[in-house]
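Derivation of every value follows stated rules applied to the coordinates shown; laboratory data play no part. Computed from a predicted structure; not experimentally measured. A quick note on method: Cβ atoms are made from the backbone with ideal geometry, for glycine too, and the neighbour counts reach across all protein chains shown.
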Amino acid sequence: MPDTKQHESPTIWARVSQISLAVLVLVLLFRVTDRFVRRTASLPAVPQPNAYDALLAVAREVHRPPGDLADLGPQAIRQTGQTNHHALERLHEALNAETGVPLRVESHWGDKHAEDVKQLKRLAIVLAIQSRAEFLDGRTNHSARCLADVIRLGQALARGGILSDGVNALTLETLGAATLRAQVPSLDAESCRTAAQQLEHAEPLREPPERTFKTQKDWSTASFGLAGRATSLFLGQAETKGRAEFVRRHQDVVRRTRRLILSLAARAVELESGQPVSSPSALVPAVLKSVPLDPELGTPMTLIHQQEPGSGRDSVP
């Protein structure tokens, strides 16, 4: 009988070699394609110079008292305000300049960026403490400026950033807008006018959700290549749902800030003229360049807001 083992052995090794060669070709093809995909993803350019660096510098410098902020007494609040006063003045100036999140694709950059964002959120809390310190000492106008800076800091956090930056930005903007709205009746005309105009000036610089989604996709592709794209496809419906929720929340926060702009402008005109404002058209060009638009409807917002139950939307006559 012929020795079948001698005939089978070369055949098996030939198949193993063919399979190994095929795997090697696939690996090489994957790596080449992955590298090409990463290189074709373009990250948004940042302004030069970029004031985002100045924001981080202030965030690392300011002092935040330890423990629960709700337990801070008036003396601790005032002391914190005095300690951080000069640094927060530099922050105010930096917020008047162009900023952009400096995205990177290097290993461990995500961890570093998360720490930077944590520092900026801490900075927002320090601003809120500063606002409270000014309010306790009767400097309501300075207090309002701090809160307007919280709103602008939130917007700067989102500009050129990824989706997590956008989510954190909305949280900061909500904090600043809600607190400042409560202080409007205590402000003088000049402070109302200044705050309204600063916030109106910042509106066109806002990062729209569509741009945030594109930046997230491009950064994920540049950082993780084909794996990033595969993850996005795998998440599918969950990712679509998350984006829709982000858009809804973004519209709600923008709407609240624009209401605040109207309230500040109306308060300024009322204090200066001695007459209540009945129409937002009276604010243009006296204080504002134009009447803010509802972010969802695209129609001019009203001065007197009537909300549909649960919608948070202005009704427009």
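The Cβ shell under 12 Å around Ala124 holds other residues with a net charge of +3, Lys and Arg each +1, Asp and Glu each -1.
Could you compute Rg(Cα) / (2.2 N^0.38 Å) for the range 44-272, with N its residue count? Numbers along the way, then the final one.
Values: Rg = 18.6 Å, N = 229, 2.2 N^0.38 = 17.3 Å.
Cα Rg divided by the expected 2.2 N^0.38 Å: 1.07.
Computed about its Cα centre, the charge dipole of the range 44-272 is approximately 560 debye, with only Lys, Arg, Asp and Glu carrying charge at their Cβ.
Comparing Ala178, Cys192, Gly166 along the charge dipole axis of the range 148-217, the residue lying farthest to the positive side is Gly166, per the Cβ-charge model.
How much length is gained on full extension from Arg249 to Ala57, taking 0.36 nm per residue of separation minus their Cα-Cα distance? If you can, show how the numbers build up before the last one.
Working: separation 192, 0.36 × 192 = 69.12 nm, distance 2.96 nm.
Answer, rounded to one decimal: 66.2 nm.
For the range 174-186, putting each phi into the Karplus relation 6.51 cos²θ - 1.76 cosθ + 1.60 with θ = phi - 60° gives couplings of 4, 4, x, 5, 5, 6, 5, 4, 5, 8, 3, x, 9 Hz, in residue order, rounded to whole numbers and with x for Gly and Pro.
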